[in-house]
1. How many residues, within segment 79-90, are part of a loop (DSSP other than H, G, I, E, B) and either modelled with pLDDT of 90 or more or surrounded by 14 or more Cβ atoms within 10 Å (Cβ to Cβ) (or both)?
2. When you look at Pro73, is it within 12 Å of Ile109 (Cα to Cα), surrounded by 16 or more Cβ atoms within 10 Å (Cβ to Cβ) and touching a strand residue (DSSP E or B) at 6+ places or on another chain (Cβ under 6 Å), yes or no?
Amino acid sequence: MKTTIKLIFLLLFINVSAIAQNNKLKKNQYQLTGKIVNDFKLPGNCGYVAYAFVLEFEIIDTSLKNYENKQIPIIVRCPKFFGENFFEKNKTYTLTFTDQYKKDFGWTIPNINVLKKYNLKKQYWLIDIK
């Protein structure tokens, strides 16, 4: 009986440790809590054309240091893969993003002009969103 209880606690400890390690951000990854502020119409599905789209988020909280704007543009690859009504203006999201995305091929970004108005040295690419 004591061995079983010890084994259960050991497995529980290992599981909690593994989950805690997965939540750490890698180098050049950041977290953001923010809400979408721009009007948008999502492009077509990814298929023959690899669509990406720029969404602007009002920053509520972020781990990105030295970013002074109140809003930030994030590039979302294949946004329709998230579902028809996943992205909504004024809805709050928690997301992970990076400034070191490897461009494995060309992305078609219909609203690329949104990035230009921020005049940033880096582009921010979505990794995960909830």
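1. Step one: of segment 79-90, the residues part of a loop (DSSP other than H, G, I, E, B) are 83-90.
Filter once more, keeping what is either modelled with pLDDT of 90 or more or surrounded by 14 or more Cβ atoms within 10 Å (Cβ to Cβ) (or both): 86-90.
The total comes to 5.
2. No; evaluated as a whole, the condition is false for this residue.
The values are calculated or read from the model by the stated rules, or taken from the named source; none is laboratory data. Remember, it's a predicted structure, so these values are computed and weren't measured experimentally. Note that we place each Cβ from the backbone using ideal geometry, even for glycine, and neighbour counts take in every protein chain shown.
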